[in-house]
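Notes for the one structure printed next.
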Amino acid sequence: MSLGVYIQVPFCQTKCTYCNFHTGVVSRERFEPYVRAVCREIADSARAMDCSEGHELTAEAQSAQRISRKAARSPQGTPVDTVYFGGGTPSLLDPAGLEEIIGALRKAFSFAGEPEVTLEADPETITLGKASAWRAAGFNRISLGVQSFNDGELRAAGRMHRRDDIYRAVEFLRAAGLANISMDLIAGLAHQTRSTWDASLGELLVLGPEHVSIYMLEIDEGSRLGKEAIAGGARYGAAAIPPDDDIAAFYESACKRLAEAGYEHYEISNWALPGFRSRHNLKYWRREAYLGLGAGAHSFDGRARWANIHDAAQYAACIEKGIGAREQVEAVTPEQALDEEFFLGLRQLEGIDIARIEAVYGGDGLRDRVASLRERIADLQRQGLVELDGTRLRLAADRLTVSNEVFVSLLD
Ligand code: SF4
């Protein structure tokens, strides 16, 4: 048993047009109190303090919280093997602040072997000095928010960086000794064409990151782009979003080119050179335990899921007062756990072991549900959407762009 720790840093320099995350653009003065609050939450979690006072919980949630508290009681006994700083834009924090948080983690938890310690970073925030300080603080993996190498697309998406910043950032990271870099691209940005997509992918391959994520743009109704798509307007380029078929073709072309370049496609949106899969993110798809700290961070201990207050100021105030910031606690029912095995596990291209799932969930309570899933799997297999190889079920490799529809057919 090992534990992943996620640290949420909910601050950004600007709001990207497609983003509807709970992140804010705040003055730098807010960073230090936030770092202090996260460090205190780390220590509090390790001491297994009750973080629920002041929040109304259902009886089910209280029961789940008892479980989560029990899990939190023995952090020293559960070694941490991955740490992931996500956001937001965690690279906006001063290196000293990031180092303080890592120091607090090392003090509160035991670390297993060589932990994977990831920092999400935006290219324009990186200097050689910062990259060196990150390496010295213990970060050994950088997830670079590239999105595109095309300045017009970056501008339309509201990103702060430009193509040249990406090259400069990679040079600094490599010079600082960071040997595990992930880059992500978004298929479907406003004004993207097959030719600009191919060019971005080509530039990424030249830079040779160890890990690649390709996301197909999903327009969130709450984002500025989403609102424009509904209400009309020309400010954010909603009318210049490529059609769905083009976006799917961009993704499929990436699958082909990344495979040719030696990357292993291991999750719907993720590729890695051998030995560089994201150990932290694998925990999410495999339903392993992780502890989320910071505003809006989510946690899972195998039996319950819980989340902190989203508002960063309110979060810091609650932690400061010692009343904790945990607000949603939900026990995972056996039905939910069974569904999660499918919609999380099937995201991995290696698929899931149906025999194991039937052995774990096929008892009295869920016998009918498991039987119904078996019928649905057979139906999806006939349609060529999933493949069953012995007891291993996986999404059909050429139908990954419709994975959401497959999950709905399987689980609704
Ligand atoms: S940097 Fe990331 S979290 Fe921040 S606004 Fe852009 S997409 Fe959202």
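The values are calculated or read from the model by the stated rules, or taken from the named source; none is laboratory data. In this text, all values refer to a predicted model and were calculated from it rather than measured experimentally. Counting neighbours? That spans all protein chains shown, and the Cβs are built from the backbone with ideal geometry, glycine included. Keep in mind that these areas ignore ligands, DNA and RNA; they rest on the heavy atoms of the full protein, side chains included. Shrake-Rupley method; radii C 1.70, N 1.55, O 1.52, S 1.80 Å.
I need a count of the residues in the range 1-39 that are more than 20 Å from residue 95 (Cβ to Cβ) and more than 10 Å from the ligand (Cβ to nearest atom). Number of matching residues: 4. Sub-6 Å Cβ pairs linking a first residue in the range 153-177 that is over 20 Å from residue 197 (Cβ atoms) to a second residue that is within 16 Å of the ligand (Cβ to nearest atom) and of a type outside the set (Val, Ile, Thr), at least 6 apart or interchain, are 160/13; 160/124; 169/123, ordered by first then second residue. For the range 195-210, a residue qualifies if it is open to solvent by 20 Å² or more (accessible area, probe 1.4 Å), in contact with a Phe, Trp or Tyr (Cβ under 7 Å, 6 or more places away or on another chain) and not small (Gly, Ala, Ser), and the qualifying residues are 203, 210.
Just to check your reading of the model, which residue among 338, 344, 293 is within 30 Å of residue 209 (Cβ to Cβ), surrounded by fewer than 22 Cβ atoms within 10 Å (Cβ to Cβ) and of a type outside the set (Lys, Arg)? So the residue among 338, 344, 293 that is within 30 Å of residue 209 (Cβ to Cβ), surrounded by fewer than 22 Cβ atoms within 10 Å (Cβ to Cβ) and of a type outside the set (Lys, Arg) is 344. Once the range 104-130 is narrowed to residues that are without any contact (Cβ under 8 Å) to a residue 60 or more places away in the chain, farther than 25 Å from residue 158 by Cβ and touching a helix residue (DSSP H, G or I) at 6+ places or on another chain (Cβ under 9 Å), the residue that is nearest to the ligand (Cβ to nearest atom) is 117.
Selection of the range 77-98 for residues being assigned to a helix (DSSP H, G or I) and over 17 Å from residue 28 (Cβ atoms) yields only 77. Comparison of 213, 223, 148 shows that the only residue that is open to solvent by less than 20 Å² (accessible area, probe 1.4 Å), of a type outside the set (Lys, Arg), under 20 Å from residue 259 (Cβ atoms) and in contact (Cβ under 8 Å) with a residue 40 or more places away in the chain is 213.
Please tell me if residue 360 is over 30 Å from residue 27 (Cα atoms) and surrounded by fewer than 16 Cβ atoms within 10 Å (Cβ to Cβ). Here the answer is yes, as residue 360 does meet what is asked. Report yes if residue 121 is modelled with pLDDT of 90 or more and within 30 Å of residue 19 (Cα to Cα), otherwise no. When the stated conditions are applied, residue 121 passes them.
Select, from 105, 154, the only residue that is more than 30 Å from residue 291 (Cα to Cα), out of contact with any Cys (no Cβ under 7 Å at 6 or more places or on another chain), among the aliphatic types (A, V, I, L, M) and assigned to a helix (DSSP H, G or I).
After ruling out the rest, the residue left standing is 154.
Taken residue by residue, the range 78-90 has at least one member that is over 22 Å from residue 323 (Cβ atoms), at pLDDT below 90 and more than 16 Å from the ligand (Cβ to nearest atom). Annotation: residue 371 fulfils all but one of (1) over 19 Å from residue 281 (Cα atoms); (2) out of contact with any helix residue (DSSP H, G or I) (no Cβ under 7 Å at 6 or more places or on another chain); (3) open to solvent by less than 20 Å² (accessible area, probe 1.4 Å); the unmet one is (3).
Here no helices (runs of 4 or more DSSP H) wholly within the range 246-358 include at least 2 residues being closer than 22 Å to residue 2 by Cα, among the aliphatic types (A, V, I, L, M) and in contact with a strand residue (DSSP E or B) (Cβ under 8 Å, 6 or more places away or on another chain).
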